[in-house]
Amino acid sequence: MFKIDTHVHTAETSACAKTMAREAVRLYKESGYQGIIITDHYYKFYFETSVERIWERKIDQYLRGYYQASEEGSKQGLKVFMGMEIRFTENSNDYLVYGITEPFLMEHRELYTLGLKEFKKFAENENIIIIQAHPFRKNMIVASPEDIHGVEIYNGNCRHDSGNELALTYAKKHSLMMSSGSDFHEPEDLARGGMLFEQDINTMEDFLNGLRDKSACKLLHT
């Protein structure tokens, strides 16, 4: 089976992360994973404080962690995919977004200004899946089922109480997609979550289809 971590941060981009992208790739390879998704934080403060002034250069800067991880992944034999963890200006919620591409981020500026409802409408036309990350963690507001595609029902970060059992109950009640991820920021977070797929995940499209087909995957947790 194909083991993938769906929630990984890099120190190149996420200020809260302490592990550089290349090292993260090596650690995951050694831990028996076949893939990871880089989900660095995308939010207003990051882009407003960027030293870059041109939007395209801001995105190049934002994707540094992904670029480094992807290059190292090619060397190590680990699949690396692009995602993001977006926070809109309306509240402190975090959403894992799968299905974005570099051209998409270049073209659509300041997505954090849209708000969840508008972004969900936008995502429907772009083959993008929105998963609310750790919805029952402190200071989070649980999103309405119609505004998201799924819920991170297991978040492995050991420095937070993410209310994983509550997230699982909520996802089941509303028949939402489910994901599991380590929420990797530093070595102690390694391999604390993820998903197992029956088929190889060679493209992001494979991953999106796997999320939609609940019978095709298993959720990992510690």
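Restricting the first member to the stretch 28-57 and to residues that are surrounded by fewer than 17 Cβ atoms within 10 Å (Cβ to Cβ), and the second to residues that are part of a loop (DSSP other than H, G, I, E, B) and of a type outside the set (A, V, I, L, M), the beta-carbon pairs closer than 6 Å and six or more apart or on different chains are K44/T89; W55/R109. Somewhere in the stretch 195-204, is a residue touching a Gly at 6+ places or on another chain (Cβ under 8 Å), under 23 Å from K44 (Cα atoms) and of a type in the set (V, I, T)? There is no residue in the stretch 195-204 that is touching a Gly at 6+ places or on another chain (Cβ under 8 Å), under 23 Å from K44 (Cα atoms) and of a type in the set (V, I, T).
Suppose we keep only residues that are among the charged types (D, E, K, R) and surrounded by fewer than 19 Cβ atoms within 10 Å (Cβ to Cβ) within the stretch 138-182. Which one would you say is modelled with the lowest pLDDT? Among those that are among the charged types (D, E, K, R) and surrounded by fewer than 19 Cβ atoms within 10 Å (Cβ to Cβ), it is D161.
Quick check on my filter: what residues within the stretch 8-24 are closer than 18 Å to E102 by Cα and outside any helix (DSSP H, G or I)? Lay out the reasoning, then the answer.
In the first step, residues of the stretch 8-24 are kept if they are closer than 18 Å to E102 by Cα; the result is 8-10, 12-14, 21.
Of everything in the stretch 8-24, those that are closer than 18 Å to E102 by Cα and outside any helix (DSSP H, G or I) turn out to be V8, H9, T10, E12, T13, S14.
Regarding R212, is this residue basic (K, R), over 19 Å from I38 (Cβ atoms) and without any contact (Cβ under 8 Å) to a residue 12 or more places away in the chain? Judged against the criteria, R212 is not a match. Residues that are within 25 Å of E12 (Cα to Cα) and among the aliphatic types (A, V, I, L, M) number at least 3 in the following strands (runs of 3 or more DSSP E) confined to the stretch 122-222: 129-132. Among residues of the stretch 72-89 that are under 13 Å from Y28 (Cα atoms) and in contact (Cβ under 8 Å) with a residue 24 or more places away in the chain, those with a beta-carbon under 8 Å from a residue that is in a loop (DSSP other than H, G, I, E, B) and β-branched (V, I, T) at least six positions away or on a different chain give the pairs K79/I201.
The values are calculated or read from the model by the stated rules, or taken from the named source; none is laboratory data. Since we're looking at a predicted model, the values are computed, not measured. Note: ideal-geometry Cβ built from the backbone for every residue, glycine included; neighbour counts use all protein chains shown.
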